[in-house]
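Working notes for the structure below.
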Amino acid sequence: MDKNSRIRFEMLKTALAVTLALGLVFVIILLVSREPQAAIRSFLGGPLSSLRRFGNVIEAMTPLMFTGLSVTMLYRAGLFNLSMEGGFFIACVAATASAVTLNLPAGLNLLVALAAGALAGGVSSLIPGALKVKCHANELVTSLMLNYVLLYLGLYVIVNILHDPAMSSNYSYAFPSNMLFPRLIPGTRINAGVFVALGCAALVYVLLDRTSFGYKVTMIGHNSRLAEAAGINVGRTIILSQLIGGMLAGLGGAVEMFGMYKRFQYQGLPGYGWDGVLIAIVAQFKPQFVPLSAFFLAYLRIGADIMARETDVPSEIVAVIQAVVIVLISAEAILKGYQRRLVVRQARKEEALNG
């Protein structure tokens, strides 16, 4: 199967998985709700019923794009590095520390804080990658454990160093007003961070699909021994890919801080890193599809929240959709017969062309 046919097949498989998941949700709604039509109408049409609600979708979509891109970069090298959750969180802490402690000129302080967040996220993902390359440690285990190290390290910094005594919860001092991203649409919290996320998606697409570095990363992910035999420095390429992937998650944390909040106020891991795994899976680990995947999940969540407020169906219905989509996309048997027919059709076409 050539590249174009393979992409079409994966897109069809994803669309089928999403359709089946939504169908299952509609069946559940019909079974449990006393007003199923109103519930489905709120679920599907609620996010479009007002500018503020649609703004909520874009707001929720922005951090998901960063972590989806992070997972895409981390996984392209064949490593199951799950440090993007802790990386996102510690990047928020690092960006907060930069914002409230450094007295820099307007504009420069925001850039420095974004860089601090990206660097913190990059280091967090670099650690499991380096341990894998240098010590052959299981990156799945080390990254999962590292997430909790980063959580409690970040909370320690917030509680003992950056905590605002005027606040009853573990909130930091307020950010200077010139640290905040400008709001783009009145009545919503849509901010310039969405353009940073879209720009990162374009850059990651070029990096992974249009450069020699991206080819090396993909080749290592498919077969590291073959890549090494071809003269690729596998260890260095893996470490660099993990650093870049972590920096994407870290930049997302910093953008979220200065786009949506006026001070650090997380009490635990926000969950965006775990969501990034779902985003990357639905996007088939292709950066150009990450924004669409993030929009899809954000739309579902806002729709489910509206449905829960207006009807008798709980918002946890989104968890059902997520689980079914992941199972169906990862199931190798889905559309296997169609895939086989595509291969046979292409083989016959090439045979006819070659006489």
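The values are calculated or read from the model by the stated rules, or taken from the named source; none is laboratory data. It should be emphasised that the depicted structure is a prediction, and the values quoted were computed from it without experimental measurement. Cβ: placed from backbone, ideal geometry, glycine included. Neighbour counts: every protein chain shown.
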Study note, to complete from the structure: Within segment 279-293, of all residues that are touching a residue at least 60 places away in the same chain (Cβ under 8 Å) and in a helix (DSSP H, G or I), the one farthest from residue 255 (Cα to Cα) is 282
Review point. So residue 315 clears everything in (1) part of a loop (DSSP other than H, G, I, E, B); (2) at pLDDT 90 or above; (3) over 18 Å from the mean Cα position of the chain (by Cα) except one condition, right? Which one?
Key: (2)
Exercise for review: State whether one or more residues within segment 48-68 are part of a loop (DSSP other than H, G, I, E, B) and of a type outside the set (S, T, N, Q).
Suggested key: no
Review point. Consider residue 175 against the criteria (1) at pLDDT 90 or above; (2) surrounded by fewer than 17 Cβ atoms within 10 Å (Cβ to Cβ); (3) not in a helix (DSSP H, G or I): it satisfies all of them except one. Which criterion is unmet?
Key: (2)
Review point. Of 152, 173, which residue is in contact with an Asp or Glu (Cβ under 7 Å, 6 or more places away or on another chain) and under 25 Å from residue 124 (Cα atoms)?
Key: 173
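Rundown of residues vs (1) assigned to a helix (DSSP H, G or I); (2) at pLDDT 95 or above; (3) touching a helix residue (DSSP H, G or I) at 6+ places or on another chain (Cβ under 6 Å), yes/no style:
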position: 221; (1), (2), (3): yes, no, yes
position: 241; (1), (2), (3): yes, yes, yes
position: 277; (1), (2), (3): yes, no, yes
position: 309; (1), (2), (3): yes, no, no
Review point. Of the residues that make up segment 155-162, is at least one free of Cβ contacts under 8 Å to residues at least 24 places away in the same chain and part of a loop (DSSP other than H, G, I, E, B)?
Key: no
Check your understanding: Can you name the number of the only condition in (1) surrounded by 13 or more Cβ atoms within 10 Å (Cβ to Cβ); (2) charged (D, E, K, R); (3) within 23 Å of the chain's Cα centre (by Cα) that residue 164 fails?
Key -> (3)
Review point. What are the residues in segment 225-255 that are closer than 12 Å to residue 120 by Cα and of a type in the set (Val, Ile, Thr), if any?
Key: 244
Practice item. Could you figure out which of (1) under 26 Å from residue 188 (Cβ atoms); (2) crowded, with 22+ Cβ neighbours inside 10 Å; (3) of a type outside the set (Lys, Arg) isn't true of residue 55? Key: (2)
Review point. Residue check: is residue 169 outside any strand (DSSP E or B) and crowded, with 16+ Cβ neighbours inside 10 Å?
Key: no
Exercise for review: Check whether at least one residue in segment 88-107 is under 25 Å from residue 289 (Cβ atoms), under 20 Å from the mean Cα position of the chain (by Cα) and assigned to a helix (DSSP H, G or I), and report yes or no.
Suggested key: yes
Point to revise | Considering residues of segment 17-52 that are under 30 Å from residue 250 (Cβ atoms) and either surrounded by 17 or more Cβ atoms within 10 Å (Cβ to Cβ) or touching an Asp or Glu at 6+ places or on another chain (Cβ under 6 Å) (or both) only, the residue modelled with the lowest pLDDT | key: 18
Review point. Are any of the residues in segment 63-74 modelled with pLDDT under 95 and either surrounded by fewer than 24 Cβ atoms within 10 Å (Cβ to Cβ) or of a type in the set (Lys, Arg) (or both)?
Key: no
Check your understanding: Which condition breaks for residue 228 when tested against (1) under 29 Å from residue 135 (Cβ atoms); (2) touching a residue at least 24 places away in the same chain (Cβ under 8 Å); (3) in a helix (DSSP H, G or I)?
Key -> (2)
Review point. Among the listed residues 236, 189, which satisfies the condition of being modelled with pLDDT of 90 or more, in a helix (DSSP H, G or I), of a type outside the set (Asp, Glu) and over 19 Å from the mean Cα position of the chain (by Cα)?
Key: 236
Study note, to complete from the structure: Given the conditions (1) out of contact with any Lys or Arg (no Cβ under 9 Å at 6 or more places or on another chain); (2) over 25 Å from residue 91 (Cα atoms), every one holds for residue 234 apart from (1)
Revision key, fill the gap. Expected single match for surrounded by fewer than 24 Cβ atoms within 10 Å (Cβ to Cβ) and touching a residue at least 40 places away in the same chain (Cβ under 8 Å) among 113, 120, 95, 106 is 106
Exercise for review: Please verify whether segment 195-207 includes one or more residues that are loosely packed, with under 14 Cβ neighbours inside 10 Å, among the β-branched types (Val, Ile, Thr) and within 24 Å of residue 88 (Cα to Cα).
Suggested key: yes
